[in-house]
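Derivation of every value follows stated rules applied to the coordinates shown; laboratory data play no part. On a predicted model such as this, the values are computed, not experimentally measured, just so you know. Cβ coordinates were reconstructed from backbone atoms using ideal geometry, including for glycine residues, and neighbour counts include every protein chain displayed.
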Amino acid sequence: MYQQITLIGNLGRDPELRYSASGVAFTNFSVATSRSWTGQDGQRQEKTVWFRVSVWDRQAEACNQYLTKGQRVLVVGEMEEPYVFTDQEGNSRASLQVRARNVQFLNSRAEREAMGVGGGQYGGQSGQAGDGSGLDQGPGGEEDIPF
């Protein structure tokens, strides 16, 4: 089943670039999406949802080079099965996982430079990490799964 998701949020940590056993580059990072509203009591409320994002191939290398914690991104991808685990207090938790097909950097060049991140373009596309070519085929085999 294919479930497309579009996220706009901020990176919660720097990307971690690694390579699979077959030499395919991949990176993982977390993205926080937030929404706010005024409750019935008139108080402002906010809810943040975290997603673990995996990016593959050339796009992974670009994300690793140009993204840092706090930057705003747009991620288009597909939902994967949640990762369910037990935290240190014994509570059952789930991590929402997205395999990115396209990642766009939403901070302006001036904002990136102020954060100390390279202000260049990747692949001639302003603010976009690659064209996603080759991402649809995915890596080969279970040994390539990054989590």
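For the reader, a short list of remarks on this structure follows.
- Sorted by Cβ neighbour density within 10 Å, fewest at the top, the residues Tyr66, Tyr2: Tyr2, Tyr66
- Volume per residue that the Cα convex hull of the stretch 1-101 spans, once the total is divided by residue count, Å³: 150 Å³
- Debye, to nearest 20: dipole size of the stretch 1-112, +1 on Lys, Arg Cβ, -1 on Asp, Glu Cβ: 340 debye
- Counted by neighbouring Cβ atoms within 10 Å, the residues Trp37, Trp50, Trp56 run from fewest to most as Trp37, Trp50, Trp56.
- Were the residues from Leu106 through Gln88 laid out at 0.36 nm apart, the gain over their Cα-Cα distance would be 3.0 nm.
- Placing a pseudo-label 7 Å from each Cα along the Cα-to-Cβ vector at Tyr2 and Thr48 gives an inter-label distance of 3.3 nm.
- Which of Asp14, Asp87 has the fewest Cβ neighbours within 10 Å, and the rest in rising order: Asp87, Asp14
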